[in-house]
Ligand SMILES: *Cc1c(COP(=O)(O)O)cnc(C)c1O
């Protein structure tokens, strides 16, 4: 019997849950794009984005997804034949590196596997072996493995190796979820998208450009007119910010999302909230694992993202679990991206993911964990007890009166 009625819950790592306020802000007729409200609102969006990335550099918006932002970062800084160092901790740095290769860039790859963060010592060593690399490609949160990498530590390793390469960071999954300080941590380029922590429907690729990256544009020979960030960084007319028609409705939506993040909640509170919610998920998985094959993919708590959690389930059928949760209980869980065997289909990965980025309420997250346990029971999948209590206890501690533990 299916009980999947009522409001459906989406617990995938992007697109994330969109606030009604963001959707409602988009529900309007097209505005005048030559003058009036949209001009000032656009300025506020760019200003807000720079605050979210914690940078004094330039913000650039492409009408694209995250892959477009990846390409923009590469073509504006590199020449055919240049080499870059990619640091892989899951799937996404490899995808970015493949794109670089397709553009004619040589890629040196250091692969840290799928269960641990980048080790700065190995980055330093690799840079000493390849002193000529022009850029280091790092993913802050790899959405496949749910690892969180230490961006500042990678920059320190680059300095220790005497490298003046650009540090380019993919924050597509992590921006406005995991703590990030583009300037203070020494990143030259940050790429993001609007559909994860920024809670806006997919369609905007975001790139933040520091001064060294802006200077690198002068020699880059891979750039094409649409992706060129030079006119977008220093526009003489409004349309040049977008190389054409502005993404008007997305701007209204993102403006509302930025208001919620920066003005109403505060960015630090947003980070702390994601951290607290992620700890509830970790506590539940650890309890399940005391009586079944359930295991957090990332063992080291300091290397776990607050945006998404990848959960291993031994030989159990991840497809069956997700199908039951969705079809019978109304919760869509994230597909596990193959971690051990890239050739495996989604059915055989033995992994599923819970997205807890963006507009996720604690009640919905607790409900998601309860629904997962319900599916485990319905399918006869063994698990330890006390997972829901453990999750509730974690959130009780974070929200107990008198102590602002969320800010810890
Ligand atoms: C989602 C994601 C991407 C890809 O973004 P698209 O919008 O699907 O192109 C790249 N990197 C990371 C870390 C992601 O989470």
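Computed from the coordinates by the stated procedures, all read-outs in this text should not be read as laboratory data. Just so we're clear, the structure is a prediction, and the values are computed from it rather than from any experiment. Positions of Cβ are backbone-derived with ideal geometry, glycine not excepted, and every protein chain shown enters the neighbour counts.
Between residue 34 and residue 63, what's the calculated FRET efficiency when r is the beta-carbon distance and R0 is 22 Å? Round to 0.05.
0.75
Assign one of three labels to the stretch 62-153, namely rounded, prolate or oblate, based on the Cα gyration tensor with a ≥ b ≥ c the square roots of its eigenvalues; rounded applies when a/c is under 1.5, prolate when it is not and a/b is larger than b/c, and oblate otherwise.
oblate
Give me the percent relative contact order of the chain, please, defined on Cα pairs under 8 angstrom at least 6 residues apart.
Working: 885 pairs, mean separation 95.2, N = 408.
Across the chain, relative contact order equals 23 percent.
For residue 359 and residue 240, calculate 0.36 nm times their separation in residues minus their Cα-Cα distance, and state this gained length in nm to one decimal.
That pair, residue 359 and residue 240, stretches by 39.7 nm at full extension.
Across every pair of different alpha-carbon atoms, what Kirkwood hydrodynamic radius in Å does the stretch 8-97 reach? Working shown, then result.
Numbers: mean 1/r = 0.0591 Å⁻¹.
It works out to 16.9 Å.
Given the stretch 200-334, report the % of alpha carbon pairs whose separation exceeds 22 Å.
I get 63 percent for the Cα pairs in the stretch 200-334 exceeding 22 Å.
Multiply the residue gap between residue 164 and residue 215 by 0.36 nm, knock off their C-alpha separation, and tell me the result in nm, one decimal place. Don't jump to the answer; show the numbers that get you there.
Working: separation 51, 0.36 × 51 = 18.36 nm, distance 1.30 nm.
Fully extending the segment from residue 164 to residue 215 adds 17.1 nm.
Given the rule -39500 (n - 2.57) for each run of at least 4 DSSP H residues, summed and divided by the residues of the chain, what is its mean residue ellipticity at 222 nm, to the nearest 500 deg cm²/dmol?
Mean residue ellipticity, 222 nm, calculated: -11500 deg cm²/dmol.
What ranking do 114, 77, 55 get, fewest neighbouring Cβ atoms within 10 angstrom at the top?
The most exposed by this proxy come first: 55, 114, 77.
Suppose R0 equals 35 Å; then what is the FRET efficiency for residue 156 and residue 80 from their Cβ-Cβ distance, rounded to the nearest 0.05?
About 0.70, to the nearest 0.05.
Calculate, for residue 1 and residue 290, the FRET efficiency according to 1/(1 + (r/R0)^6) with r their C-beta to C-beta distance and R0 25 Å; round to the nearest 0.05.
E(calc), rounded to 0.05, equals 0.25.
Based on the alpha carbons, how large is the Rg to Rh ratio for the chain when Rh follows Kirkwood?
Expressed as Rg/Rh, it is 0.98.
Quick one: grab the alpha carbon gyration tensor of the stretch 181-243, order the square roots of its eigenvalues as a ≥ b ≥ c, and give me rounded if a/c is under 1.5, else prolate or oblate depending on whether a/b is larger than b/c.
Cα axes put the stretch 181-243 in the oblate bin.
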